[in-house]
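What follows is a set of notes on a single structure, which appears directly below.
The values are calculated or read from the model by the stated rules, or taken from the named source; none is laboratory data. Computed from a predicted structure; not experimentally measured. Neighbour counts are summed over all protein chains in view; Cβ atoms, including those assigned to glycine, are modelled from backbone coordinates with ideal geometry. When the accessible area is computed, the model is the full protein with side chains, heavy atoms only, and any ligands, DNA or RNA have been set aside. Shrake-Rupley method; radii C 1.70, N 1.55, O 1.52, S 1.80 Å.
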Amino acid sequence: MEKAKISTTQLFILMILFQLSNSLLIPIAMGAKHDSWIVILVAMAVSILLFFIYRALYLYYPTLLLTDYTEKLIGKILGRTLAFLYILFFLYSAARVLREFGVMLLSFAFPETPLFIACAMMALVVIYTIYKGIEVIARTGELLFVIMCLLGIFLFILVAISGLIDVSKLRPVLEDSPKVLKTVFTETLYVPFGEIIVFTMIFPYLNQAKKLGKTGVAAIIITGIALAITTILNISVLGIPLMERSLFPLLTTIQSIEVGGFLQRLDVIFILALVIGGFFKVSVYTYCAIIGTASLFNIKEPSKLAYPMGLTVLFLSLIIASNYSEHIQEGLKIFPLYVQLPFQIILPIFLLIIAFIKNRKTG
């Protein structure tokens, strides 16, 4: 763990950028069709409870990383094994996000470019940034967050005045309530909201621990509202059939904008905003894997791991699936229930119960 501190504002920005990232890129909650925006809001509310579980663990061990206090809670062998599994989880998650943005860049900007080159361009920037440490990541976030917000507002206004929105496409509402709950707990709770488990590796850097609760909840609520509005826009413009066929629904929506017969082809602006989000998500996941590895194996200079770990993420992003369809299917059917459910929900609850029992005895 490096000697560094970040402010609550920087944590707030990082959490928003991290959660929005590929959630703006890929279709989320589509299992609920017209009610997908409701699913996002319900998942947002449930994820606040998850956040308080992560926060409670941090309050028990405010100076330790997640990969440190697992050993204190369940013993050396099991604890270090679990810590190593969390590191692998972070690396794999980073590789998935990198793959998604690589495919997006190839689809709409560099169709003749090999996937390796597209992923490598982002990976090299990520490696350089995480080599500099968490304070540089956080300060970069403050700068680029403003740019991303301005781009988002600009595109939202253009969609609103372009005459593309048809609110009748949002109906029927709550046609299948059980499907809403099913989609929440099988898909949307894990991406993007449950992914904030990675911030248990960043909480110890916070310079005002007392404000963590308000900061985290505010970031989750703003993210949820932003994603719900985005989904409403996508449905209103594209309709459910086209959304289900589109690899990147919001990008398709932006490409539909035409104002005054001359303002069009604005997907370049959207791609810029997405690349900013993707950069931060890959950076946070990879950085947390690095500091977790350094702590687990007593490496005094975590920055030395930036290049090998960054390259690991890059090559993993190329081999995790043979094609993008397979990648998406893994992300919808296998990864949530067999990886994200235990690492984001079951194990943190288990660790919190043990921490409560142990601290009650010592108290």
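Inside the stretch 129-173, can you point out the residues that are in a helix (DSSP H, G or I) and among the hydroxyl-bearing types (S, T, Y)? Please lay out each step first, then the result.
Just the residues of the stretch 129-173 that are in a helix (DSSP H, G or I), to begin with: 129-132, 134-161, 167-170.
Hits for the stretch 129-173 are T129, Y131, T140, S168.
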Quiz item: Being closer than 15 Å to I197 by Cα and within 21 Å of the chain's Cα centre (by Cα), is that true of even one residue in the stretch 69-79?
Solution: no
Exercise. Kindly indicate the residue of the stretch 101-115 that is farther than 16 Å from F279 by Cα and in contact (Cβ under 8 Å) with a residue 40 or more places away in the chain and also surrounded by the fewest Cβ atoms within 10 Å (Cβ to Cβ) among those meeting that condition.
Key: A109
Exercise. Output yes when any residue across the stretch 318-337 is over 18 Å from T81 (Cα atoms), of a type in the set (F, W, Y) and at pLDDT 90 or above, and no when none is.
Key: yes
Quiz item: Is it the case that some residue within the stretch 211-229 is outside any helix (DSSP H, G or I), open to solvent by less than 10 Å² (accessible area, probe 1.4 Å) and in contact (Cβ under 8 Å) with a residue 24 or more places away in the chain?
Solution: no
Quiz item: Do you know which residues across the stretch 268-296 are of a type in the set (S, T, N, Q) and open to solvent by less than 10 Å² (accessible area, probe 1.4 Å)?
Solution: S283, T286
Practice problem: State yes or no: is L82 within 17 Å of M201 (Cβ to Cβ), modelled with pLDDT of 95 or more and open to solvent by 10 Å² or more (accessible area, probe 1.4 Å)? | Solution: yes
Quiz prompt | Matching entry among A289, A321, A306, A294 (being in contact (Cβ under 8 Å) with a residue 24 or more places away in the chain, touching a helix residue (DSSP H, G or I) at 6+ places or on another chain (Cβ under 8 Å) and not in a helix (DSSP H, G or I)) | solution = A321
Self-check item: From the options T253, T200, residue that is buried (at least 22 other Cβ atoms within 10 Å of the Cβ), modelled with pLDDT under 90 and of a type outside the set (A, V, I, L, M, F, W, C)
Solution: T253
Quiz prompt | Failed criterion for A273 (all others in (1) out of contact with any Gly (no Cβ under 9 Å at 6 or more places or on another chain); (2) closer than 20 Å to F156 by Cβ hold) | solution = (1)
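Any idea which of I345, I334 is exposed (fewer than 13 other Cβ atoms within 10 Å of the Cβ), among the hydrophobic types (A, V, I, L, M, F, W, C) and either on the phi > 0 side of the Ramachandran plot or in a helix (DSSP H, G or I) (or both)?
Details: I345 fails: exposed (fewer than 13 other Cβ atoms within 10 Å of the Cβ).
Only one candidate passes the filter, namely I334.
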